[in-house]
Amino acid sequence: MVSGRVGFKVVNRGDRPNGTRFADLEIPGFGIGLVQSPGASSPSTNAARSGWVHIVFSVPEPARAHALLKARGADVSTRGNTPPADVTTFLVHDSEGNEIEIVAER
């Protein structure tokens with residue numbers, strides 16, 4: 001399925017039990033993950049601070065990236081996987097409170 005005129009293909013979408021909704025879009029060589037958090041205000045209000053923004057980067061070795069960022073003092077957390085060997089995705093929170101997700105390359 002192709003979404004809109006930009007040519008992104010929806011490769012995954014769904015709703016999580018906590019109310020979070022998501023959609024993963026791809027074009028060759030680039031992907032975007034869209035995430036709507038529970039309680040987020042609509043995009044027409046304060047979208048930048050409401051949980052509508054979620055940046056995802058893919059890396060070849062998430063466990064290595066997690067260890068490096070943690071060693072450098074970054075605010076990192078995992079979701080159910082145990083560092084270091086089992087880390088396939090993790091979160092980094094910057095000084096402004098933005099959430100950045102790091103995932104394994106496909």
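The values are calculated or read from the model by the stated rules, or taken from the named source; none is laboratory data. From a predicted model like this one, the values you see are computed outputs, not experimental measurements. For neighbour counting, all protein chains shown are included, and Cβ atoms are generated from backbone atoms with ideal geometry for every residue, glycine included.
Things to note:
- Complete set of residues in the stretch 1-57 that are assigned to a strand (DSSP E or B), at pLDDT below 70 and of a type in the set (A, V, I, L, M, F, W, C): V2
- Among the residues listed as A67, A104, the single one being under 21 Å from F8 (Cα atoms), at pLDDT 85 or above and surrounded by fewer than 16 Cβ atoms within 10 Å (Cβ to Cβ): A104
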